[in-house]
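The values are calculated or read from the model by the stated rules, or taken from the named source; none is laboratory data. Since this is a predicted model, take the numbers as computed values, not measurements. Glycine also receives a Cβ, built like all others from the backbone with ideal geometry; neighbour counts cover every protein chain displayed. The protein model used for the area step is the full one, side chains on, heavy atoms only, and it has no ligands, DNA or RNA in it. Shrake-Rupley method; radii C 1.70, N 1.55, O 1.52, S 1.80 Å.
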Amino acid sequence: MSAPLKIIVAFIFTLLTSSASAFVAPGTRPVVTSASPGTRVGFSSSTSALFMEAPTIDRKTKDNTSEQQEKGKEWQVRLWNDPMNKREYVARCLIEICSLEDGMAYSVMMHAHQNGMAVIGQYQKEIAEGYTSELTQHGLTVDMAQAE
């Protein structure tokens, strides 16, 4: 057995056989009681006692269905054709900002060039907002629309 492994085994053995720990003062033993709300939980020893109230748990459930539905909705980031940017620049922006593969970026760019608009992808709202902001800062004409 290697030296570091022997030290670890000795440390674990000491922890298991010792009555002291970082959470219990030496010479004290845990008091096992019911932990219902308002019940006192703590440790006792011959010299001192430490007690605190058990935490109360709020068991009321919130109606998060509308929040979850709103978060789960997908948003499309759409690229519009513009006469200002070169096709290579648009494809490079899609690769660098939206992490599209080369072929996919080229396909999206060509679809926007030929048809006037192309969907870059569907994302959660926060991600779609980030992509829209970044692409707009780079001079591309993009917007967001809620996916159907």
Next on the checklist: Residues to consider are Gln137, Gln69; find the one that is open to solvent by 80 Å² or more (accessible area, probe 1.4 Å) and modelled with pLDDT of 95 or more.
Outcome noted: Gln137
Checklist entry - When residues of segment 84-98 are filtered for being open to solvent by 90 Å² or more (accessible area, probe 1.4 Å) and over 17 Å from Thr141 (Cβ atoms), how many remain? => result 1
